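Colleague: Sending over a structure as structure tokens; questions will come in a sec.
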Amino acid sequence: MRVGSVDYEFICGSDVVRDGMYMEVRITETNPSRQIAEVFYSDVLATFTLSCFEQDIPFEVTALP
């Protein structure tokens with residue numbers, strides 16, 4: 001996904017240790033790519049948690065349909 005002049009990628013996976021699933025948001029223009037946010041779904045609690053690791057993340061990046 002491109003917003004303005006920045007390219008973002010989304011990586012999804014299963015987390016056995018935390019017992020749930022995650023989706024990382026990364027900026028691809030850095031080497032290595034830089035993680036800026038994570039959404040985690042807990043199978044235990046049945047809840048979502050959004051963690052932002054940088055300020056000023058564009059709304060379009062966090063509001064995927």
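Colleague: Output the residues belonging to the range 44-65 that are surrounded by 12 or more Cβ atoms within 10 Å (Cβ to Cβ) and acidic (D, E).
Modeller: Selection gives E60 alone.
Colleague: Considering the range 39-62 alone, what residues qualify as being part of a loop (DSSP other than H, G, I, E, B) and small (G, A, S)? Give the derivation first.
Modeller: Within the range 39-62, the subset part of a loop (DSSP other than H, G, I, E, B) is 43-46, 53-58.
The answer is A46, and nothing else.
Colleague: Out of all the residues in the range 11-31, is one or more assigned to a loop (DSSP other than H, G, I, E, B), within 13 Å of the chain's Cα centre (by Cα) and surrounded by 12 or more Cβ atoms within 10 Å (Cβ to Cβ)? Outline the logic, then answer.
Modeller: Start the filter on the range 11-31 by keeping residues that are assigned to a loop (DSSP other than H, G, I, E, B), which leaves 16-19, 28-31.
Retained after the next criterion (residues that are within 13 Å of the chain's Cα centre (by Cα)): 28.
Among the residues that remain, those that are also surrounded by 12 or more Cβ atoms within 10 Å (Cβ to Cβ) are: 28.
Looking through the range 11-31, at least one residue is assigned to a loop (DSSP other than H, G, I, E, B), within 13 Å of the chain's Cα centre (by Cα) and surrounded by 12 or more Cβ atoms within 10 Å (Cβ to Cβ).
Colleague: Which condition number does V61 fail, the rest of (1) modelled with pLDDT of 95 or more; (2) under 11 Å from the mean Cα position of the chain (by Cα) being met?
Modeller: (1)
Colleague: To continue, here is another question. Among the residues that make up the range 19-26, is at least one of them among the aromatic types (F, W, Y), out of contact with any Asp or Glu (no Cβ under 9 Å at 6 or more places or on another chain) and on the phi < 0 side of the Ramachandran plot?
Modeller: Within the range 19-26, none of the residues are among the aromatic types (F, W, Y), out of contact with any Asp or Glu (no Cβ under 9 Å at 6 or more places or on another chain) and on the phi < 0 side of the Ramachandran plot.
Colleague: Listed residues S51, S33; which is in contact with a Lys or Arg (Cβ under 6 Å, 6 or more places away or on another chain) and of a type outside the set (A, V, I, L, M, F, W, C)?
Modeller: On the way: S51 fails: in contact with a Lys or Arg (Cβ under 6 Å, 6 or more places away or on another chain).
Just a single option satisfies the conditions, and that option is S33.
Colleague: Among what's in the range 32-43 and is among the small types (G, A, S) and modelled with pLDDT of 95 or more, pick the residue that is surrounded by the most Cβ atoms within 10 Å (Cβ to Cβ). Before the answer, list the steps.
Modeller: Narrowing the range 32-43 to residues among the small types (G, A, S): 33, 37, 42.
Pick out the ones that are also modelled with pLDDT of 95 or more and you get 37, 42.
On the way: A37: 18, S42: 14.
So the residue we want is A37.
The values are calculated or read from the model by the stated rules, or taken from the named source; none is laboratory data. What you see is a predicted model, and the numbers here were worked out from it, not measured in a lab. Positions of Cβ are backbone-derived with ideal geometry, glycine not excepted, and every protein chain shown enters the neighbour counts.
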